[in-house]
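The values are calculated or read from the model by the stated rules, or taken from the named source; none is laboratory data. What you see is a predicted model, and the numbers here were worked out from it, not measured in a lab. Note that each Cβ is placed from the backbone with ideal geometry, even for glycine, and that neighbours are counted across all protein chains shown. Accessible surface areas use protein heavy atoms only, side chains included; no ligands, DNA or RNA. Shrake-Rupley method; radii C 1.70, N 1.55, O 1.52, S 1.80 Å.
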Amino acid sequence: MSGSIVAGVTVIWLLFEWIGYHLLTFVCHALILTLAILFLWSNFASFVNKSPPKFPEILLPEELFVRVALSLRYELNQAFITFREVASGKDLKNFLMVIAVLWVLSIVGGWFTFLTLFYLAFLMLYTLPVLYEKHEDQVDTFAEKALIEINKQYAVFDEKVLQKLPKYAMNKNKKLH
């Protein structure tokens, strides 16, 4: 099942990325083909004494859309709250970390198209948990070493750069007292 899903997503990615097909064009062509087949089937069914196709009645429940809208609203509000907290200037370390992550994402985003990034994210979300379970001890050891190194580098950055900023030094002194 998992292999089929990955294969299907890969085929879709290849269709869009390598062939140069676009999503809107694909959806329109699929709808045109479906409508043409159903139209011809409906019209030719009477000539060959067959019953025309039965079109199912599809009714989408309002409650489903309300739940999706509420979930989306909640997530957007949480994102705005986080944005406001980072931009408030209270935590320089958090601010610099967010700036660094966004900068790295902007660089990576320039290397790939949106569809390729979406495909890579899908593959990672689908395969990384399995790989982590298989190699959990090695990953944890490596992550611990990386975290120690990051903390060392931050300490050097804090000492050489951040401590020399007047506002940051005053805020840090106030927290200590």
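Looking only at segment 13-31, decide whether some residue is aliphatic (A, V, I, L, M), open to solvent by less than 90 Å² (accessible area, probe 1.4 Å), closer than 17 Å to residue 118 by Cβ and touching a helix residue (DSSP H, G or I) at 6+ places or on another chain (Cβ under 8 Å). Walk me through how you get there before you give the answer.
Step one: of segment 13-31, the residues aliphatic (A, V, I, L, M) are 14-15, 19, 23-24, 27, 30-31.
If we keep only those that are open to solvent by less than 90 Å² (accessible area, probe 1.4 Å) as well, we get 14-15, 27, 30.
Remaining after also requiring closer than 17 Å to residue 118 by Cβ: 14-15, 27.
Restricting the remaining residues to those that are touching a helix residue (DSSP H, G or I) at 6+ places or on another chain (Cβ under 8 Å) gives 15.
Yes; the residues of segment 13-31 include at least one that is aliphatic (A, V, I, L, M), open to solvent by less than 90 Å² (accessible area, probe 1.4 Å), closer than 17 Å to residue 118 by Cβ and touching a helix residue (DSSP H, G or I) at 6+ places or on another chain (Cβ under 8 Å).
Only one of (1) under 21 Å from residue 121 (Cβ atoms); (2) modelled with pLDDT of 85 or more is not met by residue 35, so which one is it?
It is condition (1) that residue 35 fails.
Does residue 67 satisfy being open to solvent by 60 Å² or more (accessible area, probe 1.4 Å), of a type in the set (D, E, K, R) and within 20 Å of the chain's Cα centre (by Cα)?
Here the answer is no, as residue 67 does not meet what is asked.
Within segment 52-69, can you find the residues that are under 17 Å from residue 36 (Cα atoms) and basic (Lys, Arg)?
The one that is under 17 Å from residue 36 (Cα atoms) and basic (Lys, Arg): 54.
Residues checked against (1) aliphatic (A, V, I, L, M); (2) open to solvent by 70 Å² or more (accessible area, probe 1.4 Å):
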position	(1), (2)
89	no, no
95	no, yes
103	no, yes
109	no, no
117	yes, no
130	yes, yes
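Condition test on residue 156, is it surrounded by 11 or more Cβ atoms within 10 Å (Cβ to Cβ), modelled with pLDDT of 70 or more and of a type in the set (Val, Ile, Thr)? Don't jump to the end; show me each part of the working.
Values: surrounded by 11 or more Cβ atoms within 10 Å (Cβ to Cβ): no; modelled with pLDDT of 70 or more: yes; of a type in the set (Val, Ile, Thr): yes.
No; evaluated as a whole, the condition is false for this residue.
Pull out all pairs, ordered by first then second residue, where Cβ-Cβ is under 7 Å, the residues are six or more apart or on different chains, the first lies in segment 133-145 and is in a helix (DSSP H, G or I), and the second is hydroxyl-bearing (Ser, Thr, Tyr).
What qualifies is 139/132.
If you go through segment 104-121 one residue at a time, do you hit one that is modelled with pLDDT of 85 or more and closer than 30 Å to residue 165 by Cβ?
There is at least one residue in segment 104-121 that is modelled with pLDDT of 85 or more and closer than 30 Å to residue 165 by Cβ.
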